[in-house]
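The structure appears below as structure tokens.
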Amino acid sequence: MRACRSASILSLLVITLVGFEGRAALAACPPPPISFKRTQFDVDAAIDGPKVIALGDLNKDGRADIVLCSAADDQVDVYLNDGSGGFPATARSFSTGATPIAVVIADFNSDGNPDFAVVATDDDVVSILLGDGAGNFNDRRDFSVASSGPISLVAADFDEDGKTDLAVMNDSDIDLLKGDGSGNFAPFSGSPISTHGGGSADIAAGSLNSDGHVDLAVANSADGIAG
């Protein structure tokens, strides 16, 4: 039986522009001030130490919802926005592989609904949780990565076939997983690729040289570099 825990605290910042009067006013005047309104609420007391957060419209109502990785509980926890910036006291929880520490939101099975890809670092897998468009993610599939101890991931269409792929990073390597458009993944030829040194901390994707193709950027905490 789990010991009782105190409630975890999640702080939300809602950004509100103050004094915005349109493009003409901006051209003639200094930029308008931006104020930050802080809203704080307790997440589910049964959740142990949520550390990673992502935002997305998880039930397709036009509102930004929250997903948290709860590493100690081997699950992700979903909080649906009530439309006024409020969230329920109890989460919708969905199981993952062991110790989830990173999550991305994308449509992995081409049905128009948001899905999750979650790094489960102690199982060396990526857990794919397919969404039903109503905020539920019960269809789970686990895919192994070749590199042990994955810590971060990013979703993008790396081979430009219209299907979302994944790059999953550990301390010194990147596993490239090709999506088939139905929620399944397999390694690309030549995967994993080396980041040329240990200490990799995070990964991002985008076109860095303006050629329209997706590139990867890796932050290396040991060498103090990004590349």
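The values are calculated or read from the model by the stated rules, or taken from the named source; none is laboratory data. Nothing here was measured: the structure is a model prediction, and the numbers come from that model. Using ideal geometry, Cβ is built from the backbone for each residue, glycine included, and neighbour counts are taken over all protein chains shown. With ligands, DNA and RNA removed, areas are computed over all heavy atoms of the protein, side chains included. Shrake-Rupley method; radii C 1.70, N 1.55, O 1.52, S 1.80 Å.
Taking the Cα atoms of region 116-183, what is the range of coordinates along each of the three principal axes, in descending order and whole Å?
37, 29, 14
What does the net charge come to around residue 147 if you take all other residues with beta carbon closer than 10 Å to its beta carbon, with K and R at +1 and D and E at -1?
It works out to a net charge of -4.
Go through region 51-63 residue by residue and turn each phi into a ³J(HN,Hα) via Karplus (6.51, -1.76, 1.60, θ = phi - 60°); whole Hz please, and just put x for glycine and proline.
Along region 51-63, the couplings run 10, 10, 10, 9, 10, x, 7, 7, 10, 6, 10, x, 10 Hz.
Run the accessible area of region 137-227 with a 1.4 Å probe and give the carbon-and-sulfur part as a rounded percent. List each step's numbers first, then the result.
Details: 2220 of 4460 Å².
The value for region 137-227 is 50 percent carbon and sulfur by accessible area.
Suppose all protein chains stay in the model; what accessible area per residue would a 1.4 Å probe give for region 94-227, in Å²? Present the calculation step by step, with values, prior to reporting the outcome.
On the way: 5610 Å² over 134 residues.
It amounts to 42 Å² per residue over region 94-227.
May I ask for the net charge around residue 205, where only other residues with Cβ less than 12 Å from the Cβ of residue 205 are counted and Lys, Arg are +1 while Asp, Glu are -1?
-4
Local charge sum around residue 169 (other residues, Cβ-Cβ under 12 Å, Lys/Arg +1, Asp/Glu -1)? List each step's numbers first, then the result.
Numbers: positive: none; negative: 171, 173, 175, 202.
Net charge in that neighbourhood comes out at -4.
Out of the total accessible area of region 56-122 (probe 1.4 Å, heavy atoms of protein only), what percent is carbon and sulfur?
44 percent
Quote the Stokes-Einstein diffusion coefficient, in whole µm² s⁻¹, for region 57-136, based on the Kirkwood radius over alpha carbon pairs, a temperature of 20 °C and a viscosity of 1.002 mPa s.
Working: Rh = 12.8 Å.
Answer, rounded: 168 µm²/s.
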